[in-house]
Amino acid sequence: MATPDFDTERWVDNRLGVLAPPDAWIPDQARALAALRNRRPRVSRVWRWTPVVTLTAVLVLLLAPVPAVKGFAHACGEFVRRSLTGGSATHSADARRALFNGTALTSLDGQAFNLSDYRGKVVLVTYWSSRCSRCLSEMLWFQEFEQRYRAIGFAVLAISVDGSEPAALALAPDGRDVNGSLRFGRTRETPANSIPTTVLLDRSGRVAVRHTGYCSKREFETDIQALLDER
Amino acid sequence: MAEQAESDLETIFIAEYQRIARVIARVTRDPARAEELAVEVFLKWTRTPRAHGPQAPAWLYRAAVRVGLNELRGGVRRSWYERLFSQPQGSAYGARTPEELHSTTEEQLQVRTVLKALSWRSSALLLLRSEGLSYLEIAETLKLNSASVGTFVARAQQEFRQEFVRRYGDA
(Lines give C-alpha, C1' and ligand atoms only; values in the text may rest on other atoms or scores of the structure.)
Protein backbone atom coordinates (compact mmCIF):
# COMPACT_ATOMS: atom_id res chain seq x y z
CA MET A 1 0.00 0.00 0.00
CA ALA A 2 1.44 3.36 -0.93
CA THR A 3 2.01 5.79 1.93
CA PRO A 4 1.29 9.40 1.14
CA ASP A 5 4.18 11.81 1.37
CA PHE A 6 4.27 12.99 4.99
CA ASP A 7 4.45 16.69 4.16
CA THR A 8 1.58 16.53 1.75
CA GLU A 9 -0.48 14.51 4.16
CA ARG A 10 0.10 16.95 7.00
CA TRP A 11 -0.38 19.92 4.72
CA VAL A 12 -3.72 18.58 3.49
CA ASP A 13 -4.81 17.57 6.99
CA ASN A 14 -4.10 21.10 8.20
CA ARG A 15 -6.12 22.59 5.39
CA LEU A 16 -9.05 20.21 5.83
CA GLY A 17 -8.87 20.72 9.59
CA VAL A 18 -10.43 24.17 9.22
CA LEU A 19 -13.66 22.48 8.16
CA ALA A 20 -13.92 20.36 11.30
CA PRO A 21 -16.90 21.25 13.41
CA PRO A 22 -15.97 22.29 16.93
CA ASP A 23 -15.67 19.54 19.51
CA ALA A 24 -18.16 21.45 21.63
CA TRP A 25 -20.83 20.98 19.00
CA ILE A 26 -22.95 17.94 19.78
CA PRO A 27 -25.73 17.25 17.30
CA ASP A 28 -29.09 17.13 19.04
CA GLN A 29 -29.88 13.46 18.79
CA ALA A 30 -33.25 13.52 20.56
CA ARG A 31 -34.61 16.31 18.38
CA ALA A 32 -33.32 14.60 15.20
CA LEU A 33 -34.88 11.26 16.20
CA ALA A 34 -38.20 13.00 16.84
CA ALA A 35 -37.97 14.70 13.44
CA LEU A 36 -37.17 11.39 11.79
CA ARG A 37 -40.15 9.69 13.46
CA ASN A 38 -42.44 12.53 12.38
CA ARG A 39 -41.33 12.29 8.79
CA ARG A 40 -41.59 8.51 8.54
CA PRO A 41 -44.87 7.37 7.06
CA ARG A 42 -47.22 5.78 9.62
CA VAL A 43 -48.20 3.07 7.13
CA SER A 44 -46.01 1.38 4.56
CA ARG A 45 -46.10 2.59 0.97
CA VAL A 46 -47.88 -0.56 -0.15
CA TRP A 47 -50.74 -0.04 2.27
CA ARG A 48 -50.91 3.65 1.42
CA TRP A 49 -51.60 2.87 -2.24
CA THR A 50 -53.89 -0.10 -1.65
CA PRO A 51 -57.18 1.89 -1.38
CA VAL A 52 -56.34 3.88 -4.52
CA VAL A 53 -55.51 0.76 -6.52
CA THR A 54 -58.59 -1.09 -5.24
CA LEU A 55 -60.89 1.84 -6.02
CA THR A 56 -59.42 2.18 -9.53
CA ALA A 57 -59.83 -1.54 -10.17
CA VAL A 58 -63.46 -1.46 -9.00
CA LEU A 59 -64.21 1.57 -11.20
CA VAL A 60 -62.62 -0.09 -14.23
CA LEU A 61 -64.61 -3.29 -13.66
CA LEU A 62 -67.85 -1.33 -13.26
CA LEU A 63 -67.30 0.89 -16.28
CA ALA A 64 -65.74 -1.65 -18.65
CA PRO A 65 -69.05 -3.08 -19.94
CA VAL A 66 -70.44 0.38 -20.83
CA PRO A 67 -70.30 0.50 -24.67
CA ALA A 68 -69.13 4.12 -24.83
CA VAL A 69 -66.24 3.42 -22.44
CA LYS A 70 -65.38 0.19 -24.23
CA GLY A 71 -65.37 1.98 -27.61
CA PHE A 72 -63.25 4.80 -26.26
CA ALA A 73 -60.75 2.37 -24.70
CA HIS A 74 -60.59 0.43 -27.96
CA ALA A 75 -60.02 3.62 -29.97
CA CYS A 76 -57.26 4.69 -27.55
CA GLY A 77 -55.61 1.28 -27.83
CA GLU A 78 -55.74 1.39 -31.62
CA PHE A 79 -54.35 4.91 -31.63
CA VAL A 80 -51.42 3.93 -29.40
CA ARG A 81 -50.66 0.77 -31.36
CA ARG A 82 -50.80 2.62 -34.65
CA SER A 83 -48.64 5.47 -33.30
CA LEU A 84 -46.04 2.97 -32.13
CA THR A 85 -45.99 0.88 -35.27
CA GLY A 86 -46.59 3.65 -37.82
CA GLY A 87 -49.44 1.92 -39.68
CA SER A 88 -51.44 3.76 -42.34
CA ALA A 89 -54.26 3.17 -44.78
CA THR A 90 -54.60 4.84 -48.19
CA HIS A 91 -58.05 4.81 -49.71
CA SER A 92 -58.52 5.56 -53.41
CA ALA A 93 -61.75 7.04 -54.72
CA ASP A 94 -63.49 4.96 -57.37
CA ALA A 95 -62.42 7.21 -60.26
CA ARG A 96 -58.77 7.21 -59.23
CA ARG A 97 -58.21 3.50 -58.73
CA ALA A 98 -55.42 1.93 -60.77
CA LEU A 99 -55.41 -1.66 -61.98
CA PHE A 100 -53.43 -3.93 -59.68
CA ASN A 101 -50.23 -5.20 -61.24
CA GLY A 102 -50.02 -8.82 -60.23
CA THR A 103 -47.45 -9.98 -62.79
CA ALA A 104 -44.84 -10.67 -60.09
CA LEU A 105 -47.18 -12.98 -58.15
CA THR A 106 -46.88 -16.72 -58.54
CA SER A 107 -48.33 -19.73 -56.81
CA LEU A 108 -46.05 -21.65 -54.46
CA ASP A 109 -44.98 -24.00 -57.23
CA GLY A 110 -43.91 -21.04 -59.35
CA GLN A 111 -46.91 -20.85 -61.73
CA ALA A 112 -48.08 -17.33 -62.54
CA PHE A 113 -51.29 -16.29 -60.88
CA ASN A 114 -54.08 -15.52 -63.22
CA LEU A 115 -55.73 -12.63 -61.43
CA SER A 116 -58.46 -12.45 -64.01
CA ASP A 117 -59.87 -15.56 -62.33
CA TYR A 118 -60.72 -13.29 -59.42
CA ARG A 119 -62.56 -10.65 -61.44
CA GLY A 120 -65.92 -9.92 -59.92
CA LYS A 121 -64.61 -10.62 -56.45
CA VAL A 122 -63.21 -8.36 -53.79
CA VAL A 123 -59.67 -9.63 -53.27
CA LEU A 124 -57.44 -9.05 -50.28
CA VAL A 125 -53.77 -9.41 -51.23
CA THR A 126 -51.53 -9.54 -48.17
CA TYR A 127 -47.74 -9.56 -48.30
CA TRP A 128 -46.44 -11.44 -45.29
CA SER A 129 -43.37 -13.09 -43.88
CA SER A 130 -42.97 -15.95 -41.45
CA ARG A 131 -40.61 -13.70 -39.42
CA CYS A 132 -43.41 -11.16 -38.87
CA SER A 133 -45.59 -12.13 -35.89
CA ARG A 134 -48.11 -9.41 -36.70
CA CYS A 135 -48.59 -10.92 -40.18
CA LEU A 136 -49.44 -14.26 -38.63
CA SER A 137 -52.07 -12.77 -36.33
CA GLU A 138 -53.54 -10.83 -39.26
CA MET A 139 -53.71 -14.09 -41.19
CA LEU A 140 -56.19 -15.44 -38.63
CA TRP A 141 -58.43 -12.40 -39.21
CA PHE A 142 -58.25 -12.84 -42.98
CA GLN A 143 -59.15 -16.48 -42.64
CA GLU A 144 -62.20 -15.46 -40.60
CA PHE A 145 -63.18 -12.79 -43.18
CA GLU A 146 -62.83 -15.27 -46.02
CA GLN A 147 -65.12 -17.75 -44.32
CA ARG A 148 -67.64 -15.04 -43.50
CA TYR A 149 -67.75 -13.27 -46.89
CA ARG A 150 -66.78 -16.06 -49.33
CA ALA A 151 -70.37 -16.51 -50.39
CA ILE A 152 -70.74 -12.87 -51.46
CA GLY A 153 -67.52 -12.74 -53.48
CA PHE A 154 -64.47 -12.33 -51.28
CA ALA A 155 -61.08 -14.03 -51.66
CA VAL A 156 -57.71 -13.78 -49.95
CA LEU A 157 -54.27 -14.12 -51.54
CA ALA A 158 -51.47 -14.51 -48.97
CA ILE A 159 -48.23 -13.66 -50.75
CA SER A 160 -45.10 -14.76 -48.92
CA VAL A 161 -42.05 -12.52 -49.20
CA ASP A 162 -39.75 -15.09 -47.57
CA GLY A 163 -36.62 -16.04 -49.50
CA SER A 164 -36.17 -19.12 -51.61
CA GLU A 165 -38.05 -21.49 -49.28
CA PRO A 166 -41.25 -19.76 -48.18
CA ALA A 167 -42.70 -20.91 -44.88
CA ALA A 168 -46.03 -21.09 -46.67
CA LEU A 169 -44.78 -24.31 -48.30
CA ALA A 170 -44.61 -25.91 -44.89
CA LEU A 171 -47.92 -24.40 -43.84
CA ALA A 172 -49.76 -25.27 -46.99
CA PRO A 173 -48.01 -27.66 -49.36
CA ASP A 174 -50.96 -27.57 -51.73
CA GLY A 175 -51.09 -23.76 -51.71
CA ARG A 176 -54.14 -23.60 -49.49
CA ASP A 177 -54.36 -23.43 -45.74
CA VAL A 178 -55.86 -26.25 -43.70
CA ASN A 179 -59.36 -24.85 -43.89
CA GLY A 180 -59.01 -24.22 -47.59
CA SER A 181 -59.77 -20.52 -47.21
CA LEU A 182 -56.51 -18.71 -47.93
CA ARG A 183 -54.74 -19.02 -51.25
CA PHE A 184 -50.98 -18.87 -50.74
CA GLY A 185 -48.46 -17.53 -53.22
CA ARG A 186 -45.13 -15.85 -53.50
CA THR A 187 -43.65 -12.92 -55.34
CA ARG A 188 -40.61 -12.48 -57.55
CA GLU A 189 -39.92 -8.96 -56.34
CA THR A 190 -40.08 -7.07 -53.07
CA PRO A 191 -43.50 -5.50 -53.13
CA ALA A 192 -43.42 -3.01 -50.27
CA ASN A 193 -41.14 -1.29 -47.82
CA SER A 194 -43.25 -2.39 -44.91
CA ILE A 195 -44.40 -5.85 -43.97
CA PRO A 196 -47.26 -6.51 -43.56
CA THR A 197 -48.70 -4.61 -46.48
CA THR A 198 -52.23 -5.45 -47.49
CA VAL A 199 -53.96 -4.36 -50.68
CA LEU A 200 -57.71 -4.56 -51.18
CA LEU A 201 -58.87 -4.90 -54.79
CA ASP A 202 -62.36 -4.01 -55.86
CA ARG A 203 -64.45 -6.27 -58.05
CA SER A 204 -62.77 -4.82 -61.17
CA GLY A 205 -59.27 -5.76 -59.94
CA ARG A 206 -58.31 -2.17 -59.10
CA VAL A 207 -56.48 -1.09 -55.95
CA ALA A 208 -59.07 0.45 -53.63
CA VAL A 209 -57.21 0.47 -50.30
CA ARG A 210 -53.59 -0.05 -49.30
CA HIS A 211 -52.88 -0.84 -45.65
CA THR A 212 -49.27 -0.46 -44.52
CA GLY A 213 -48.01 -1.64 -41.14
CA TYR A 214 -50.38 -2.31 -38.29
CA CYS A 215 -54.09 -1.87 -38.98
CA SER A 216 -56.91 -3.06 -36.79
CA LYS A 217 -59.26 -5.89 -37.58
CA ARG A 218 -62.16 -3.45 -37.51
CA GLU A 219 -60.53 -1.23 -40.17
CA PHE A 220 -59.98 -4.20 -42.47
CA GLU A 221 -63.51 -5.41 -42.02
CA THR A 222 -65.02 -1.96 -42.61
CA ASP A 223 -63.05 -1.59 -45.86
CA ILE A 224 -63.97 -5.10 -47.02
CA GLN A 225 -67.66 -4.52 -46.31
CA ALA A 226 -67.57 -1.17 -48.16
CA LEU A 227 -66.01 -2.82 -51.23
CA LEU A 228 -68.44 -5.75 -51.12
CA ASP A 229 -71.32 -3.24 -51.03
CA GLU A 230 -70.06 -1.55 -54.21
CA ARG A 231 -71.84 -2.76 -57.29
CA MET B 1 -42.02 -6.74 12.12
CA ALA B 2 -42.70 -3.00 12.31
CA GLU B 3 -41.43 -2.99 15.92
CA GLN B 4 -38.26 -4.77 14.79
CA ALA B 5 -37.68 -2.17 12.06
CA GLU B 6 -38.28 0.64 14.54
CA SER B 7 -35.83 -0.88 17.00
CA ASP B 8 -33.21 -1.36 14.22
CA LEU B 9 -33.61 2.27 13.25
CA GLU B 10 -33.23 3.44 16.80
CA THR B 11 -30.13 1.31 17.36
CA ILE B 12 -28.34 2.48 14.23
CA PHE B 13 -29.50 6.05 14.78
CA ILE B 14 -28.09 6.23 18.28
CA ALA B 15 -24.85 4.58 17.16
CA GLU B 16 -24.20 6.63 14.04
CA TYR B 17 -26.20 9.86 14.01
CA GLN B 18 -23.60 12.11 15.58
CA ARG B 19 -20.77 10.95 13.33
CA ILE B 20 -22.98 11.22 10.26
CA ALA B 21 -23.99 14.74 11.21
CA ARG B 22 -20.33 15.68 11.76
CA VAL B 23 -19.31 14.34 8.35
CA ILE B 24 -21.98 16.46 6.71
CA ALA B 25 -21.16 19.47 8.88
CA ARG B 26 -17.60 19.40 7.53
CA VAL B 27 -18.90 20.16 4.09
CA THR B 28 -21.92 22.29 4.79
CA ARG B 29 -20.35 24.03 7.78
CA ASP B 30 -23.83 24.83 8.98
CA PRO B 31 -24.65 22.73 12.05
CA ALA B 32 -28.42 23.12 11.74
CA ARG B 33 -28.35 22.21 8.06
CA ALA B 34 -26.02 19.29 8.77
CA GLU B 35 -28.47 17.91 11.32
CA GLU B 36 -31.31 18.35 8.84
CA LEU B 37 -29.39 16.50 6.13
CA ALA B 38 -28.36 13.74 8.53
CA VAL B 39 -32.04 13.11 9.28
CA GLU B 40 -32.61 12.95 5.49
CA VAL B 41 -29.88 10.32 5.24
CA PHE B 42 -31.52 8.15 7.91
CA LEU B 43 -34.92 8.64 6.32
CA LYS B 44 -33.50 7.42 3.03
CA TRP B 45 -31.93 4.48 4.84
CA THR B 46 -35.33 3.43 6.21
CA ARG B 47 -36.61 3.34 2.63
CA THR B 48 -33.70 1.27 1.34
CA PRO B 49 -34.06 -2.29 2.60
CA ARG B 50 -30.87 -3.48 0.87
CA ALA B 51 -28.88 -1.04 3.02
CA HIS B 52 -30.00 -2.71 6.23
CA GLY B 53 -27.89 -5.23 8.10
CA PRO B 54 -24.12 -5.22 8.60
CA GLN B 55 -23.51 -2.87 5.68
CA ALA B 56 -25.67 -0.15 7.26
CA PRO B 57 -22.83 2.06 8.64
CA ALA B 58 -20.93 2.02 5.34
CA TRP B 59 -24.12 2.86 3.45
CA LEU B 60 -24.88 5.72 5.85
CA TYR B 61 -21.39 7.24 5.48
CA ARG B 62 -21.54 6.94 1.72
CA ALA B 63 -24.96 8.61 1.66
CA ALA B 64 -23.75 11.31 4.08
CA VAL B 65 -20.74 12.15 1.92
CA ARG B 66 -22.90 12.19 -1.18
CA VAL B 67 -25.50 14.44 0.44
CA GLY B 68 -22.82 16.76 1.80
CA LEU B 69 -20.95 17.06 -1.47
CA ASN B 70 -24.18 17.54 -3.42
CA GLU B 71 -25.05 20.34 -1.05
CA LEU B 72 -21.60 21.84 -1.53
CA ARG B 73 -21.75 21.53 -5.31
CA GLY B 74 -25.35 22.66 -5.53
CA GLY B 75 -24.41 25.94 -3.95
CA VAL B 76 -28.12 26.57 -3.44
CA ARG B 77 -27.71 27.86 0.05
CA ARG B 78 -24.26 29.20 -0.40
CA SER B 79 -25.10 32.86 -0.07
CA TRP B 80 -27.12 32.05 3.00
CA TYR B 81 -24.15 30.26 4.51
CA GLU B 82 -21.89 33.15 3.69
CA ARG B 83 -24.17 35.52 5.53
CA LEU B 84 -24.41 33.06 8.38
CA PHE B 85 -20.66 32.68 8.72
CA SER B 86 -19.99 36.36 8.51
CA GLN B 87 -21.79 36.48 11.86
CA PRO B 88 -20.01 35.71 15.12
CA GLN B 89 -21.14 32.04 14.97
CA GLY B 90 -17.85 31.52 13.15
CA SER B 91 -16.13 31.96 16.47
CA ALA B 92 -17.43 28.54 17.38
CA TYR B 93 -14.85 27.20 14.91
CA GLY B 94 -11.97 28.60 16.87
CA ALA B 95 -11.60 32.20 15.76
CA ARG B 96 -11.58 34.73 18.54
CA THR B 97 -10.86 38.10 17.00
CA PRO B 98 -12.48 39.63 13.89
CA GLU B 99 -9.16 39.11 12.04
CA GLU B 100 -9.03 35.45 13.02
CA LEU B 101 -12.67 35.05 12.08
CA HIS B 102 -12.05 36.60 8.67
CA SER B 103 -8.97 34.46 8.09
CA THR B 104 -10.75 31.23 9.10
CA THR B 105 -13.76 31.98 6.92
CA GLU B 106 -11.47 32.77 4.01
CA GLU B 107 -9.57 29.53 4.48
CA GLN B 108 -12.76 27.50 4.80
CA LEU B 109 -14.05 29.00 1.57
CA GLN B 110 -10.82 28.11 -0.20
CA VAL B 111 -10.88 24.51 1.04
CA ARG B 112 -14.52 24.11 0.09
CA THR B 113 -13.84 25.53 -3.37
CA VAL B 114 -10.98 23.09 -3.91
CA LEU B 115 -13.06 20.14 -2.66
CA LYS B 116 -15.77 21.18 -5.05
CA ALA B 117 -13.29 21.20 -7.93
CA LEU B 118 -12.01 17.68 -7.23
CA SER B 119 -13.68 14.50 -8.42
CA TRP B 120 -16.43 13.07 -6.24
CA ARG B 121 -14.28 10.14 -5.17
CA SER B 122 -11.29 12.26 -4.23
CA SER B 123 -13.43 14.65 -2.20
CA ALA B 124 -15.15 11.72 -0.48
CA LEU B 125 -11.82 10.07 0.34
CA LEU B 126 -10.43 13.26 1.85
CA LEU B 127 -13.55 13.95 3.87
CA LEU B 128 -13.78 10.46 5.30
CA ARG B 129 -10.06 10.39 6.03
CA SER B 130 -10.18 13.74 7.79
CA GLU B 131 -13.17 12.49 9.81
CA GLY B 132 -10.83 9.79 11.15
CA LEU B 133 -12.15 6.72 9.35
CA SER B 134 -9.67 3.90 8.91
CA TYR B 135 -8.61 2.69 5.47
CA LEU B 136 -10.78 -0.39 5.95
CA GLU B 137 -13.83 1.70 6.85
CA ILE B 138 -13.19 3.97 3.87
CA ALA B 139 -12.89 0.94 1.59
CA GLU B 140 -16.22 -0.42 2.83
CA THR B 141 -17.92 2.95 2.58
CA LEU B 142 -16.76 3.79 -0.93
CA LYS B 143 -16.76 0.17 -2.12
CA LEU B 144 -13.04 0.23 -2.92
CA ASN B 145 -10.42 -2.46 -2.67
CA SER B 146 -9.00 -2.11 0.83
CA ALA B 147 -5.46 -2.78 -0.47
CA SER B 148 -5.68 0.25 -2.77
CA VAL B 149 -7.26 2.78 -0.42
CA GLY B 150 -3.89 4.14 0.73
CA THR B 151 -2.92 4.80 -2.88
CA PHE B 152 -6.23 6.46 -3.60
CA VAL B 153 -5.98 8.65 -0.50
CA ALA B 154 -2.41 9.67 -1.36
CA ARG B 155 -3.48 10.51 -4.89
CA ALA B 156 -6.47 12.51 -3.62
CA GLN B 157 -4.17 14.44 -1.26
CA GLN B 158 -1.80 15.23 -4.14
CA GLU B 159 -4.72 16.38 -6.26
CA PHE B 160 -6.01 18.54 -3.42
CA ARG B 161 -2.64 20.16 -2.90
CA GLN B 162 -2.07 20.79 -6.60
CA GLU B 163 -5.51 22.30 -7.03
CA PHE B 164 -5.13 24.43 -3.92
CA VAL B 165 -1.70 25.71 -4.97
CA ARG B 166 -2.92 26.36 -8.51
CA ARG B 167 -5.77 28.48 -7.19
CA TYR B 168 -4.33 30.18 -4.12
CA GLY B 169 -0.57 29.66 -4.19
CA ASP B 170 1.49 27.71 -1.67
CA ALA B 171 0.57 29.89 1.31
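The values are calculated or read from the model by the stated rules, or taken from the named source; none is laboratory data. If you're wondering where the values come from, they're calculated on a predicted model, not measured in any experiment. FYI the Cβ positions are ideal-geometry reconstructions off the backbone, even for glycines, and counts take in every protein chain you see. SASA here: full protein model, heavy atoms, side chains in, ligands and nucleic acids out. Shrake-Rupley method; radii C 1.70, N 1.55, O 1.52, S 1.80 Å.
Here are some notes:
- Using θ = phi - 60° and Karplus 6.51 cos²θ - 1.76 cosθ + 1.60, couplings along the stretch A:50-61 (whole Hz; Gly, Pro as x): 4, x, 5, 5, 4, 4, 4, 4, 5, 4, 4, 5
- Computed accessible area, A:Tyr127, all protein chains, 1.4 angstrom probe, square angstrom: 20 Å²
- Straight-line reach from B:Lys44: taking Cα to Cα under 20 Å and skipping same-chain neighbours fewer than 8 places apart, the lysines in range are B:Lys143.
- Amide H contacts of A:Leu182: A:Asp177, each under 5 Å away and 5 or more positions distant or on a separate chain (H built 1.01 Å from N in the peptide plane; Pro and chain starts excluded).
- Per-peptide packing, taken as the mean over residues of other Cβ atoms within 10 Å, places B:8-15, A:65-72, A:206-213 in the sequence A:206-213, B:8-15, A:65-72 from highest down.
- The 3J(HN,Hα) values that the Karplus relation (6.51, -1.76, 1.60; θ = phi - 60°) gives for the stretch A:108-116 are, in residue order, 5, 8, x, 6, 5, 6, 9, 5, 5 Hz. Gly and Pro appear as x.
- Using a probe of 1.4 Å, the accessible surface attributed to A:Trp141 totals some 50 Å² when neighbouring protein chains are kept in position.
- Residue-wise HN-Hα couplings along the stretch B:110-125, as the Karplus relation 6.51 cos²θ - 1.76 cosθ + 1.60 with θ = phi - 60° gives them from phi, are 4, 5, 5, 5, 5, 4, 5, 6, 6, 5, 4, 5, 5, 4, 5, 4 Hz; Gly and Pro carry x.
- The stretch A:191-231: equivalent-ellipsoid semi-axes (sqrt of 5 x gyration tensor eigenvalues, Cα, Å): 19, 14, 4
- A:Leu228-A:Trp47 FRET efficiency (beta carbon distance; Förster radius 45 Å; 0.05 resolution): 0.20
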